[in-house]
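Below is one structure, written out as structure tokens; the observations come after it.
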Amino acid sequence: MDYEINPEQVKARFDQAEAFTLLDVRETWEFEIASISPSKLMPMGDVPGRAHQELDPDEAIVVVCHHGVRSLSVTHWLRQQGFEKAQSMRGGIDAWSREIDSKVVLY
């Protein structure tokens, strides 16, 4: 499984009602400005302390941040922890807003 997934592929998962967790690793203030529903907020710094309690290692996880840098880093960490179905959304919420849903605020 690739480490990255593009916004169009994520939208297709939503459209097909696939079961997956959209994990937003931005800070709370960023999430309050713009978010993709439904997503689970878990700021990057909180992931090591919360991932094993709040995420299912057998479930598909799409990690999202602002531009895709933090989410790729978290994805690598999750994969090392046994979350083999974790993927980072390339381009982050910025790409989502530009390519999929212009109602999501750019910041």
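The values are calculated or read from the model by the stated rules, or taken from the named source; none is laboratory data. All values derive from a computational prediction rather than experimental measurement. Every residue, glycine among them, receives a Cβ derived from its backbone with ideal geometry; neighbour counts consider all protein chains shown. We work out accessible area using only protein heavy atoms, side chains counted, and drop any ligands, DNA or RNA first. Shrake-Rupley method; radii C 1.70, N 1.55, O 1.52, S 1.80 Å.
Results, tabulated for the structure shown:
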| quantity | calculated |
| --- | --- |
| Accessible surface of TYR107 - all protein chains present, 1.4 Å probe, nearest 10 Å² | 80 Å² |
| Region 60-107, accessible surface, carbon-and-sulfur percent (1.4 angstrom probe) | 51 percent |
| Beta bridge orientation in the chain: antiparallel %, DSSP, nearest 5 | 0 percent |
| Mean separation of Cα contacts under 8 Å, 6 or more apart, over the residue count of the chain: relative contact order % | 34 percent |
| Heavy-atom surface of region 18-66, accessible at 1.4 Å and reported per residue (Å²) | 47 Å² |
| FRET E, pair TRP29, GLU59, Förster distance 22 Å, beta-carbon r, rounded to 0.05 | 0.20 |
| Solvent exposure, largest accessible area first (probe 1.4 Å, DNA, RNA and ligands not counted), of MET1, MET44 | MET1, MET44 |
| Heavy atoms of ASP46 accessible to a 1.4 Å probe, total area in Å² rounded to 10 | 60 Å² |
| Value at 222 nm in deg cm²/dmol, rounded to 500, when DSSP H runs of n ≥ 4 in the chain each add -39,500 (n - 2.57) | -11000 deg cm²/dmol |
| Area accessible to solvent at ARG50, 1.4 Å probe radius, in Å² | 60 Å² |
| Inter-site label distance for HIS76 and SER37 at 7 Å from Cα along Cβ, in nm | 3.5 nm |
| Sequence of LYS40, LYS103, LYS85 from largest to smallest accessible area, 1.4 Å probe | LYS103, LYS85, LYS40 |
| Estimated vicinal HN-Hα couplings, Hz - region 25-33 in sequence order (Karplus 6.51, -1.76, 1.60; Gly, Pro = x) | 9, 6, 6, 4, 4, 5, 4, 5, 6 |
| Contour excess over end-to-end distance, with Cα ends at VAL105 and LYS11 and 0.36 nm allotted per residue | 32.1 nm |
